[in-house]
Amino acid sequence: MGFWPLTGCQTVPDDSTWQRFEYVNPKMGTKFRLKFYAPNQVTAERVARLAYNRVEKLNAIFSDYSPSSELNHLCAKPHGKPIPVSSDLFNIIQQSQQLARETGGAFDITAGPSVRLWRQSRKHVQMPTADSLAAATKRVGFQKIRLNPRKRTVTLMSAGMQLDLGGIAKGYAVDEAMRILKQNGIRRAFVAASGDMLTSGPPIGSEGWRVEIRAVDEFGNIYPRTIHLKHQALSTSGDTEQFVEVNGQRYSHIIDPRTGIGLTNRIAVTVAAASSTVADSRATAISVLGVNKGMDYANSEKLQVLILTMGNKKHRLLKSPHWKLW
């Protein structure tokens with residue numbers, strides 16, 4: 001069977017008889033899933049390889065784990081000096097800075113020193129010392145970044161800064177993987193990396209891609225609710241899986257950049273949006289803002305948001321007025 005890329009004024013092929021293919025690969029520290037319809041296996045494997053290659057390239061740019069990443073090379077440069085960066089790195093930093101301004105620093109990619117400190121705390125199950133926290137937070141602050149869009153340069157204004165793209169990079173990679181699929185004529189697809197997912201057209205014979213998200217019944221019990229996604233992204237952020245408990249207090253892996261401390265408010269935030277970059281980063285930001293300020297922000301930006309509060313006795317689910325998935 002022939003394969004037609006969607007370019008120019010070419011006729012869109014009839015994909016109603018295409019086969020469904022699924023791939024799972026470890027990328028960016030998680031299982032990166034692709035589900036899509038293609039005319040044959042040869043085409044599917046070629047397109048999947050292109051999508052995964054794109055994700056691998058982005059990981060080489062965005063990773064804060066890899067010493068050789070472009071992000072870490074930027075952070076190693078002398079502070080106060082404008083550094084030319086790739087378009088991908090500039091784009092993601094620019095979007096992050098916009099969100100940092102909107103949320104008053106609740107989302108802040110300069111929180112790398114605090115994030116690294118809390119990774120050690122989770123590993124050793126102990127609180128960071130007051131001195132180490134103070135030293136880390138001195139190097140944090142989105143105002144310490146200067147961007148020059150015309151020259152595509154980034155200037156880190158203080159010594160010892162460490163950028164962390166953990167709240168947005170996977171969403172960006174999901175968007176880019178989907179872009180590659182669409183570029184190669186794939187019109188029915190599901191892309192997911194951990195809690196970040198993006199859909200295009202629905203599966204053949206279905207209203208959308210089947211996804212389960214947590215809802216709360218009238219008695220405050222959590223149960224899985226099925227929704228069907230198409231042409232939409234969905235991201236969930238929270239401390240349900242990654243946390244540390246120290247002296248009877250539970251701390252999330254999500255750090256409040258303004259304090260340098262892991263979140264203690266037990267909430268899970270789900271955001272539906274047009275792009276995975278937006279859904280991923282907003283879910284993180286709203287988790288940090290908390291229930292009231294988070295919902296205020298969601299309302300001001302007309303975001304589709306669910307906030308699940310997990311109390312000891314009864315759970316609650318709050319919906320923004322713009323939530324439309326049920």
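So the values come out like this:
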item	result
Matching option when the condition is among the polar types (S, T, N, Q) and within 15 Å of the chain's Cα centre (by Cα), among Thr309, Thr259, Thr270, Thr264	Thr270
Top-ranked residue of the stretch 135-177 - restricted to ones that are surrounded by fewer than 15 Cβ atoms within 10 Å (Cβ to Cβ) and touching a residue at least 40 places away in the same chain (Cβ under 8 Å), ranked as farthest from Leu289 (Cα to Cα)	Lys151
Test: residue in the stretch 313-325 that is closer than 19 Å to Ser114 by Cα and either modelled with pLDDT of 95 or more or surrounded by fewer than 21 Cβ atoms within 10 Å (Cβ to Cβ) (or both)	no
Among the candidates Arg250, Arg282, Arg225, residue that is among the charged types (D, E, K, R) and under 16 Å from the mean Cα position of the chain (by Cα)	Arg282
Selection from the stretch 206-232 of residues that are part of a strand (DSSP E or B), among the hydrophobic types (A, V, I, L, M, F, W, C) and within 20 Å of Leu318 (Cβ to Cβ)	Val211, Ile213, Ala215, Val216, Ile222, Ile227
All positions within the stretch 81-107 that are farther than 18 Å from Ser63 by Cα, touching a Phe, Trp or Tyr at 6+ places or on another chain (Cβ under 9 Å) and among the charged types (D, E, K, R)	Arg101, Glu102
Residue satisfying all of: in the stretch 108-134; touching a Pro at 6+ places or on another chain (Cβ under 8 Å) and in contact (Cβ under 8 Å) with a residue 40 or more places away in the chain; surrounded by the most Cβ atoms within 10 Å (Cβ to Cβ) among these	Ala111
Hits in the stretch 20-51 - residues which are over 22 Å from the mean Cα position of the chain (by Cα) and surrounded by 15 or more Cβ atoms within 10 Å (Cβ to Cβ)	Phe21, Tyr37, Ala38, Pro39, Thr43, Ala44, Val47
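Residue by residue, here is whether (1) touching a strand residue (DSSP E or B) at 6+ places or on another chain (Cβ under 8 Å); (2) modelled with pLDDT of 95 or more; (3) among the charged types (D, E, K, R) holds:
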| position | (1), (2), (3) |
| --- | --- |
| Ile222 | yes, no, no |
| Lys230 | yes, yes, yes |
| Ser235 | yes, yes, no |
| Phe243 | yes, no, no |
| Tyr251 | yes, no, no |
| Arg258 | no, no, yes |
| Val269 | yes, yes, no |
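The values are calculated or read from the model by the stated rules, or taken from the named source; none is laboratory data. Keep in mind that this is a model prediction, so the values were computed, not measured. With ideal geometry, Cβ positions are generated from the backbone for all residues, glycine too; neighbour counts draw on all protein chains shown.
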